[in-house]
Amino acid sequence: MTYTPPTVWEPKESGGKFASINRPVSGATHDKPLPQGEHPYQLHSLATPNGVKVTVLFEELIEAGHDFDYDAWLIDISEGEQFGSGFVEVNPNSKIPALWDLTGPEPVRVFESAAIMLHVAERHDAFLGSPRTEVLSWLFWQMGSAPFLGGGFGHFYAYAPEKYEYPIDRYAMESKRQLHVLDTHLGRHEWMAGDYSIADMAIWAWYGQLVLGRLYGAAEFLSVDEYANVKRWAEAVDARPAVRRGRMVNRAFGDDESLKLPERHSRDDFR
Ligand SMILES: N[C@@H](CCC(=O)N[C@@H](CS)C(=O)NCC(=O)O)C(=O)O
């Protein structure tokens, strides 16, 4: 099927999964203040890979004995809650995750998952790996790479209204290249950069979960078993109690009821 682009693009119904929430403009569609709990961190999120990175970090900090707590409120992106006025105030880009940090004299907003991770890890001086530049390189590698896996491969393999060979081939190629980058690195290193760090958490949420068979039903298609070093590392991260808790927070979808914790307000919320 070929397409001749018109001179000027106009929006139209595309029919893909989640297509109904896409608009070519930004900003709020309705008035809706965000709820606020009692803890110094107010997270507004959903348990997609971008959301899970941050809840894993919070749970790891708590597991490591850092004395704080957080509220995690659900943003249902399929219902357009990311376009409520309160959410747009904390993230003008209308994407989860977003954080209000109330630990200082003035509320501080943080958006973009890596910015949130870096901000929180620096506040607690934890999970920053070493050397710091290597952690930053891998953290930002994840931010630059995952859109090809999610928005590219995952979209065309799992969500587009029809299967088109060209984009699936293009993004499968790139996703496998990225897995090979990780496999080569993890063949020589236990963790991404020194000790277990925010780089591992961020990369695991996407590529770890991919090789564990949790993303797009694509493990066999992408032959993920070829990446033995990534698998070894992904299983090691997955076995951490804080990671299991982090995966549960803000999860309101999926078949496994035991993993669902749509909102989290206390350490006692986990069954
Ligand atoms: N670069 C952003 C990406 C966040 C993102 O894409 N979030 C998705 C869910 S995984 C979202 O909120 N989508 C809602 C929308 O596109 O309207 C980050 O890492 O925080």
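Which residue is nearest to the ligand (Cβ to nearest atom), if the candidates are limited to segment 71-129 and must be open to solvent by 40 Å² or more (accessible area, probe 1.4 Å) and on the phi > 0 side of the Ramachandran plot?
Selected residue: GLU112.
Taking ARG123 and the conditions (1) part of a helix (DSSP H, G or I); (2) among the basic types (Lys, Arg); (3) not assigned by TED's automatic domain parsing to the domain that holds ALA47, which numbered condition does it fall short on, given that it satisfies the others?
(3)
Just checking, how many residues over segment 214-271 are acidic (Asp, Glu) and in a loop (DSSP other than H, G, I, E, B)?
4
Restricting the first residue to segment 168-191 and requiring it to be over 20 Å from GLY152 (Cβ atoms), which pairs with a second residue that is open to solvent by 80 Å² or more (accessible area, probe 1.4 Å) and of a type in the set (Lys, Arg) meet a Cβ separation below 8 Å and a spacing of at least six or different chains?
Short answer, once both residue conditions are applied: LEU186/ARG232.
Can you tell me which of HIS189, HIS180 is open to solvent by 10 Å² or more (accessible area, probe 1.4 Å) and in contact with a Phe, Trp or Tyr (Cβ under 8 Å, 6 or more places away or on another chain)?
HIS180
What pairs come out if I take residues in segment 43-60 that are farther than 16 Å from LEU128 by Cα and open to solvent by less than 10 Å² (accessible area, probe 1.4 Å) and pair them with residues that are modelled with pLDDT of 95 or more and of a type in the set (Phe, Trp, Tyr) whose C-beta lies under 6 Å away, six or more apart or interchain?
LEU43/TYR70; HIS44/TRP73
The values are calculated or read from the model by the stated rules, or taken from the named source; none is laboratory data. Values in this document were obtained by computation on a predicted structure and should not be read as measured data. When we count neighbours, we look across all protein chains shown, and the Cβ atoms used for this are built from the backbone with ideal geometry, even at glycine. Accessible surface is based on the protein model in full, side chains and every heavy atom, while ligands, DNA and RNA are left aside. Shrake-Rupley method; radii C 1.70, N 1.55, O 1.52, S 1.80 Å.
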